[in-house]
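Here the structure comes first, spelled out in structure tokens, and everything after it is commentary.
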Amino acid sequence: TRAAAPLGAAGVRTIATLALDTWFDGDFRTMLEDVTLVGLLPGLTLEARVAREDVAGWHGWEFGLGPVVNLTENLYVVAVYSLGVDSDAVVSHELDASLNHESATTAVSLGFKAVGYPSLGYVYVTPSLGGKFHPVEALGLFGKVFVSADVDGAVSGSFWGEADWRVTPAITVRAGGTMGWSDGLAWSAIAGVNVAVAP
């Protein structure tokens, strides 16, 4: 979950996310992330991020910091640098930047991520384009396309799509899937419930 629109000159907002992914072969992944936004100036917000990811026999931490800059009332830029370290003592550097446009019914994002592992001599970049639209107030339709290329010349791509329906002001159900290609096609199915604990 990424930060929403900038806060402006006042306010602090925290977004905590816990995710559990399971696969049919019994493997799983957990992700715990906390994003804190601090409004510094009318057009400038500071984003701080801490995340931990766990899979069988491995875990990694990421610590990120960067600005969220308002360009207009509905257009803003996010640029976050993250330092990562995992249970194998491998260090990573990540730059995650995006140009975002949000309105009451539409959100569109053009993103770029670059990740490097100096000790492994490995770097990859991932541009993306995504959006979420509300044809009616309770229904949200989300789609995002990714392309990834690495230092070895390997190129892959994927699509992530979801639909969500707001059942009550606090509960939203969602379903969708992903499709990716590299050496072959792969897919996944997604289902879940979002619960808003507070406004």
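Listed here are the residues, each with its yes/no results for (1) open to solvent by 40 Å² or more (accessible area, probe 1.4 Å); (2) not aromatic (F, W, Y); (3) not in a loop (DSSP other than H, G, I, E, B).
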residue: T30; (1), (2), (3): yes, yes, yes
residue: R49; (1), (2), (3): no, yes, yes
residue: H59; (1), (2), (3): yes, yes, yes
residue: L65; (1), (2), (3): yes, yes, yes
residue: T72; (1), (2), (3): yes, yes, no
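Results for (1) part of a loop (DSSP other than H, G, I, E, B); (2) under 15 Å from the mean Cα position of the chain (by Cα); (3) loosely packed, with under 15 Cβ neighbours inside 10 Å, shown as yes or no for each residue.
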| position | (1), (2), (3) |
| --- | --- |
| Y76 | no, no, no |
| S98 | no, yes, no |
| H101 | no, no, no |
| F112 | no, yes, yes |
| V115 | no, yes, no |
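Within segment 55-74, work out how many residues are more than 17 Å from the chain's Cα centre (by Cα) and acidic (D, E). Give the derivation first.
Going through segment 55-74, the residues more than 17 Å from the chain's Cα centre (by Cα) turn out to be 55-59, 69-74.
With acidic (D, E) added as a condition, the list becomes 73.
Of the residues in that region, 1 qualify.
In the set G180, G143, G192, which member is small (G, A, S), in contact (Cβ under 8 Å) with a residue 24 or more places away in the chain and in contact with a strand residue (DSSP E or B) (Cβ under 6 Å, 6 or more places away or on another chain)?
Values: G143 fails: in contact (Cβ under 8 Å) with a residue 24 or more places away in the chain; G192 fails: in contact (Cβ under 8 Å) with a residue 24 or more places away in the chain.
Only one candidate qualifies: G180.
In segment 137-178, what residues are under 16 Å from V193 (Cβ atoms), open to solvent by less than 50 Å² (accessible area, probe 1.4 Å) and in a strand (DSSP E or B)?
L139, G140, E162, A163, D164, T172, G176
The values are calculated or read from the model by the stated rules, or taken from the named source; none is laboratory data. Here the structure is a predicted model, which is why all the values come from computation and not from measurement. Cβ atoms come from the backbone with ideal geometry, glycine included; neighbour counts cover every protein chain shown. Heads up: the accessible areas ignore ligands, DNA and RNA and are worked out on the full protein's heavy atoms, side chains in. Shrake-Rupley method; radii C 1.70, N 1.55, O 1.52, S 1.80 Å.
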